[in-house]
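Working notes, beginning with the structure itself.
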Amino acid sequence: MTTAGDWSGKVGDVWADEWPRTERSFADLAPRLTQAILSVAPERGCFLDLGCGIGSTAAAIALARPAARVDGIDLSAPMIAVANARHARANLHFAAGDALTAALPTADLVFSRHGVMFFADPVAAFAHLRRRAAPGAPLVFSCFRARQENEWARVLQDAIGPAPAAAAGYAPGPFAFADRDFVADLLAAAGWRVERVDAVDFTYVAGEGESDTAAIDDALAFFARIGPAAPAIRATHGDERLTLRARIASRLARYATDRRVAMPAAAWIWTARAEGEPA
Ligand SMILES: C[S@@+](CC[C@H](N)C(=O)[O-])C[C@H]1O[C@@H](n2cnc3c(N)ncnc32)[C@H](O)[C@@H]1O
């Protein structure tokens, strides 16, 4: 489970620190999401990037739609600081805050790269976004498919041991939007008409270096900070930690080739419209 408090705290701090590696992990997905957003983006209006992180998606859309205003908002102030340092465009604005409570203009387009799975109450959150969207405004977002389909996560989980049994009810987190029917139902309940959902397979580059060994070390350093292995590694000490790191490294080695660790990943890209009654 990853909560809003995690993102505005330590998890957000680590993501801000590790941004070159998180960018690299999304690099193969990014152009496909940008294409999906641009295929429905109006030429002008106010656009919202929900959970914009360090701002890459917002910047790509602002560049392609110079007559639009793009607002990127994220719970993590350090990530917004990185976004501001990386991107300066007259039609692009970043702010730290909760996209569900911040005062923003009516949205003519809402989009997000992997930022929508962290709401405590997703129906209420999407209903709120629906009320903030202009009639007919598109919503486009990516999210992970199931852990089992995301080999990068499955391999890490195998190495660290079984995931803790899921608590009853909805738990926000990276795989919380894996179930297509669940997401379709919640969008409908929140007043969004689904136009399409695309299963996108992509390559998740976890490590790079001057040799395959260096790439594995890089991937291990990344996963020691971000993802399911990070808390497991932090919870171990001494020899136990060394053994766990060696076990993860031996799994990652199977994906090391041409000086990078490249692992299969699986996402959904959803496209919907503000054309229903919000809950
Ligand atoms: C997995 S990260 C993705 C970040 C970025 N979109 C990217 O692709 O690199 C999820 C992001 O959503 C943000 N987030 C989650 N809930 C949010 C909310 N209610 N308002 C603003 N940001 C939120 C988190 O702070 C985090 O930066």
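The values are calculated or read from the model by the stated rules, or taken from the named source; none is laboratory data. As the structure is a prediction and not an experimental result, all values here were calculated from the model. Cβ sites come from the backbone with ideal geometry, for glycine too, and all protein chains shown count toward neighbours.
Descriptive notes on the structure:
- Restricting attention to segment 35-57, the residues being more than 9 Å from the ligand (Cβ to nearest atom), out of contact with any helix residue (DSSP H, G or I) (no Cβ under 7 Å at 6 or more places or on another chain) and not in a helix (DSSP H, G or I) number 8.
- Condition check for THR22: within 11 Å of the ligand (Cβ to nearest atom), of a type in the set (Val, Ile, Thr) and closer than 19 Å to THR271 by Cα: no
- Screening the candidates ARG89, ARG32 for the property of being over 22 Å from PHE222 (Cα atoms), basic (Lys, Arg) and outside any helix (DSSP H, G or I) yields one hit, ARG89.
- Considering ARG32, ARG86, the condition of being closer than 25 Å to GLY207 by Cβ and either touching a residue at least 60 places away in the same chain (Cβ under 8 Å) or of a type outside the set (D, E, K, R) (or both) is satisfied by ARG32 alone.
- Some residue of segment 122-133 being in contact with a Cys (Cβ under 7 Å, 6 or more places away or on another chain), within 15 Å of the ligand (Cβ to nearest atom) and either assigned by TED's automatic domain parsing to the domain that holds LEU48 or touching a residue at least 60 places away in the same chain (Cβ under 8 Å) (or both): no
- From the options LEU139, LEU100, LEU186, residue that is at pLDDT below 95, within 16 Å of the ligand (Cβ to nearest atom) and farther than 30 Å from ILE216 by Cα: LEU100
- Some residue of segment 193-209 being in contact with a Gly (Cβ under 9 Å, 6 or more places away or on another chain), touching a residue at least 24 places away in the same chain (Cβ under 8 Å) and more than 22 Å from TRP15 (Cα to Cα): yes
- Test: residue in segment 257-275 that is in contact (Cβ under 8 Å) with a residue 12 or more places away in the chain, among the acidic types (Asp, Glu) and crowded, with 19+ Cβ neighbours inside 10 Å: no
- Qualifying position, being surrounded by fewer than 22 Cβ atoms within 10 Å (Cβ to Cβ) and within 16 Å of the ligand (Cβ to nearest atom), among ALA60, ALA64, ALA68, ALA83: ALA60
- With a requirement of 3 or more residues that are in contact with a Pro (Cβ under 7 Å, 6 or more places away or on another chain), the helices (runs of 4 or more DSSP H) lying completely within segment 108-222 that satisfy it span 122-132, 151-160.
- Some residue of segment 238-248 being in a loop (DSSP other than H, G, I, E, B), closer than 21 Å to GLN157 by Cα and modelled with pLDDT of 95 or more: no
- Residue match in segment 2-9 (condition: within 8 Å of the ligand (Cβ to nearest atom), surrounded by 15 or more Cβ atoms within 10 Å (Cβ to Cβ) and of a type in the set (Ser, Thr, Tyr)): yes
- A single member of ALA41, ALA60, ALA16 is under 16 Å from PHE111 (Cβ atoms) and in contact (Cβ under 8 Å) with a residue 60 or more places away in the chain, and it is ALA41.
- Within segment 44-56, residues that are of a type in the set (S, T, N, Q) sit with their Cβ atoms under 9 Å from residues that are within 6 Å of the ligand (Cβ to nearest atom), at 6+ positions apart or across chains, in these pairs: SER56/PHE26; SER56/ARG113.
- Among the residues of segment 214-256, the ones that are free of Cβ contacts under 8 Å to residues at least 24 places away in the same chain and surrounded by 21 or more Cβ atoms within 10 Å (Cβ to Cβ) come to 0 in all.
- Residues satisfying the stated conditions in segment 168-187, i.e. surrounded by fewer than 17 Cβ atoms within 10 Å (Cβ to Cβ), touching a residue at least 12 places away in the same chain (Cβ under 8 Å) and not acidic (Asp, Glu): TYR170, ALA171, ARG180, ALA184
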